[in-house]
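Shown next, in structure tokens, is the structure this report addresses.
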Amino acid sequence: MGYARKVGWVTAGLVIGAGACYCIYRLARGRKQNKEKMAEGGSADVDDAGDSSGARYNDWSDDDDDSNESKSIVWYPPWARIGTEAGTRARARARARATRARRAVQKRASPNSDDTVLSPQELQKVLCLVEMSEKPYILEAALIALGNNAAYAFNRDIIRDLGGLPIVAKILNTRDPIVKEKALIVLNNLSVNAENQRRLKIYMNQVCDDTVTSRLNSSVQLAGLRLLTNMTVTNEYQHILANSISDFFRLFAAGNEETKLQVLKLLLNLAENPAMTRELLRAQVPSALGSLFNKKENKEVILKLLIVLENINDNFKWEENEPAQNHFSEDSLFFFLKEFEVCADKVLGIESHHDFLVKVKVGKFAAKLTEQMFQKSQE
């Protein structure tokens, strides 16, 4: 009797140890897969809204083997105890439910290949999943399916007619960063359409607030910036972002290279519109903006920033607006441009600083700015 009891305890210990190792393995695999899920930007067909590109991405393969079933963590009910017959059955049912949901969305999104285009009936089913489900892994899979199909021009109208815009926009209220990023990518693809832009404009303030308050350089922040860039390709809705321009300059100064370039794309859209010139000049800019010219910043960032400043300068008539100079604060972009010659002198005075093209561009812009700013006094 004692020997049998010892064997029983040893067996139970092995079962529990194996189950714990299995759970740790699934948790590690799940976290690894979540870290690897990043939306890739790509070219797509251009609709009637402008030159913006829609993102194409796919986070799964279409093979249906069991090796993909560990991509998400399966949460088991508290009564699913390891080592008991009832617990084993409960855990099996939980795994089966998660697998069925994952495979159902995957089959609807891509039954044969990654580039399968869904029919309107299939898109309606995916939208129902987005609207009714509260499970993050189902929402994520459904949004990926919508995003892939929203990259096609004809599907943008279909998704809109099916009522998909408010359904996807409602997901922006979620706290799950992965799900929110996927929703932003779907809206970004859908926004390459004039009618969709007209209906999505009511969400621009929310997207803007979420973008500037998200974790710096995060995937959610970059996805929000891409959506706002698409929404400002035309001049019609740029005024909605007037009060957030200072925040964009703050992100530009603090962000990494990828964030800087994405902010510059947005600012370039605004700078090309003469009606936004005063709003841009009134925006507060951090003192770190000037230091970008004093250190070895990325060449592409410097050149794109110069293009933004040149467009603003070309649209602003310094002579005609001389009486309005008192309306700008000392930390505004207006005074930054007035003192830009100081930054230019530092760049041009350091022989080992930047390459030749940057020096030439900075020198030309500083000379042009000085000439326009003091043209009246020279006359």
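The values are calculated or read from the model by the stated rules, or taken from the named source; none is laboratory data. If you're wondering where the values come from, they're calculated on a predicted model, not measured in any experiment. In case anyone asks, the SASA skips ligands and DNA or RNA and just uses the protein heavy atoms, side chains included. Shrake-Rupley method; radii C 1.70, N 1.55, O 1.52, S 1.80 Å.
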Long-range tail of P(r) for the range 256-297 (Cα pairs > 14 Å, %)
61
Considering only protein heavy atoms, with the full assembly of protein chains and a 1.4 angstrom probe, order E257, E131 by accessible area, largest first.
E131, E257
Computing the accessible area with a 1.4 Å probe over protein heavy atoms, can you report the carbon and sulfur percentage for the range 192-270?
45
Once phi is turned into ³J(HN,Hα) by the Karplus curve 6.51 cos²θ - 1.76 cosθ + 1.60 with θ = phi - 60°, what whole-Hz value does each residue of the range 216-233 show in order, with x for glycine and proline?
4, 6, 6, 5, 5, 5, 5, 5, x, 5, 5, 5, 5, 5, 5, 6, 10, 4
Phi-based couplings in Hz for the range 239-245 (Karplus 6.51, -1.76, 1.60; Gly and Pro marked x)
4, 5, 9, 4, 7, 10, 4
Amide hydrogen neighbours beyond the local backbone of N298, cut-off 5 Å, H modeled:
none
